[in-house]
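Below: one structure, written as structure tokens.
Any read-out appearing in this document is the output of simple, stated calculations on the displayed coordinates, not a laboratory observation. If you're wondering where the values come from, they're calculated on a predicted model, not measured in any experiment. Cβ placement follows ideal geometry from the backbone for every residue including glycine, while neighbour counts extend to all protein chains displayed.
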Amino acid sequence: MNRNAREKLGLPAIAADENGFTLVEVLAALMIFGIVALATLKLTQKAVSAGKVVTGETEVLQQLRYATASLSEDIASARRFSLSPFRGYADSLHMTVLAKAASGQVPLQVRYYVRNDRAGDVRKFVRASSDFSGHREEDILVTHSGTVQFRYLQQAGQTSRWRNRWLDSDGMPLAVQVLIRGESDKKLSEIIFPIRTHRMALPDDRDS
């Protein structure tokens, strides 16, 4: 709209410096806006990713505490029920414990081991229990576990040694060591559960 037409319509005249934005200025503004938006998006994605990592680590710690409490309770029960079978291997632990029921305490066969799911790419640390009627239950302790290694402390004269296998005929070990690793083979937890005490020298750390 030229100046004469604006005057006829009663509109104020446009000054020389009020011609609006040029195309270059508009493109520059859009470019700056795009850079700011992209940076904001990346920061948001990093914050969400960090939040997921923290949440995942917190969940793993909670699961490890639960697994430790379950192992501790069962091993203590097996120690009190010392005439029951107790055997273990490098990748599993088997024992008989006493569990509370409506009729009192009943014996349960308990097994700790790592189970692969159907897809085979997820490993779970599991506590399986069964009573003498055949009723069986499974409790998943760690949902994304790597390997779980068990070792058993044996008295050998005045010394002791760690073994990778323990049979029923061996009685009860002095202690059980449980090493839990994550999916990336990172050590998550290493705990020693004492079962019985004996004056001895420090254990030889060599496996047998």
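Couple of notes before you dig in:
- Calculated P(r) tail over 19 Å for the stretch 52-194, as whole % of Cα pairs: 53 percent
- Taking amide hydrogens as placed 1.01 Å from N in the peptide plane, the amide H of Glu183 sits under 5 Å from those of Gly146, each at least 5 positions away in sequence or on another chain.
- Listing His144, His135, His94 from fewest to most neighbouring C-beta atoms within 10 Å gives His135, His144, His94.
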